[in-house]
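Scroll down for the structure; my scribbles are underneath it.
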Amino acid sequence: DPMALAAEVCAARAACETVDASCVHDMSCTFTLFREELYEPLKTCLSSCGAFDSCWHVAIAGATPPNEFALYASLCNQSVVTCEGDPQGMGNDWCEYDMFSAESYSSMVQCFDISCDNINDCLRGVVFASEPSCFDF
């Protein structure tokens, strides 16, 4: 459960930094992004005062993305080229995100069929479907 993991991580992080009131919400948004097999390494790293960017890499190191990632990454990269120069277009960093679930990738590929200025919101909508309060996270 992302919320329970978030509470645990925030309690542990209090030993190394001042934890904001929004910590549990923000941390649960972080866990919402990751597929479940990555929860444990992510939790361990974040709980031991690791920075999010490093912990993200620790969590995905050695993990194989689901098969759906290949099609997603391909369509994503094509979309970046197609939407190049559109200020509302999505960033190519979306194409490198290999921590989502198979279900998310299957839904996200449909986002590449819509106009460039709506793709980013579509992708966020899929990723945060279970937790809409994270949409602007």
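Go through region 111-137 residue by residue and tally those that are part of a helix (DSSP H, G or I) and either within 15 Å of Ser79 (Cβ to Cβ) or in contact with a Pro (Cβ under 7 Å, 6 or more places away or on another chain) (or both).
Of region 111-137, the ones part of a helix (DSSP H, G or I) are 111-113, 116-127, 132-134.
From what's left, either within 15 Å of Ser79 (Cβ to Cβ) or in contact with a Pro (Cβ under 7 Å, 6 or more places away or on another chain) (or both): 111-113, 116-124, 126.
Qualifying residue count for the region: 13.
Among the residues of region 111-120 satisfying the criterion of being open to solvent by 50 Å² or more (accessible area, probe 1.4 Å) and of a type outside the set (Asp, Glu), which is nearest to the chain's Cα centre (by Cα)? It would help to see each step written out before you state the result.
Filtering region 111-120 down to residues open to solvent by 50 Å² or more (accessible area, probe 1.4 Å) leaves 113-115, 117-118.
Of the ones still in play, those that are also of a type outside the set (Asp, Glu) are 114-115, 118.
Values: Ile114: 21, Ser115: 22, Asn118: 18 Å.
So, considering only residues that are open to solvent by 50 Å² or more (accessible area, probe 1.4 Å) and of a type outside the set (Asp, Glu), the one nearest to the chain's Cα centre (by Cα) is Asn118.
Does Phe52 meet the test of being aromatic (Phe, Trp, Tyr) and at pLDDT below 95?
Details: aromatic (Phe, Trp, Tyr): yes; at pLDDT below 95: yes.
Yes, satisfied.
Within the set of pairs 6+ apart or on separate chains, which have a first residue in region 16-28 that is among the polar types (S, T, N, Q), a second that is open to solvent by less than 80 Å² (accessible area, probe 1.4 Å), and C-beta atoms under 8 Å apart?
From region 16-28, the pairs are Ser28/Pro2; Ser28/Leu5; Ser28/Ala6; Ser28/Glu131; Ser28/Cys134.
The values are calculated or read from the model by the stated rules, or taken from the named source; none is laboratory data. These numbers come from a predicted model, not from an experiment. A quick note on method: Cβ atoms are made from the backbone with ideal geometry, for glycine too, and the neighbour counts reach across all protein chains shown. These area figures cover heavy atoms from the full protein model, side chains too; ligands, DNA and RNA do not enter into them. Shrake-Rupley method; radii C 1.70, N 1.55, O 1.52, S 1.80 Å.
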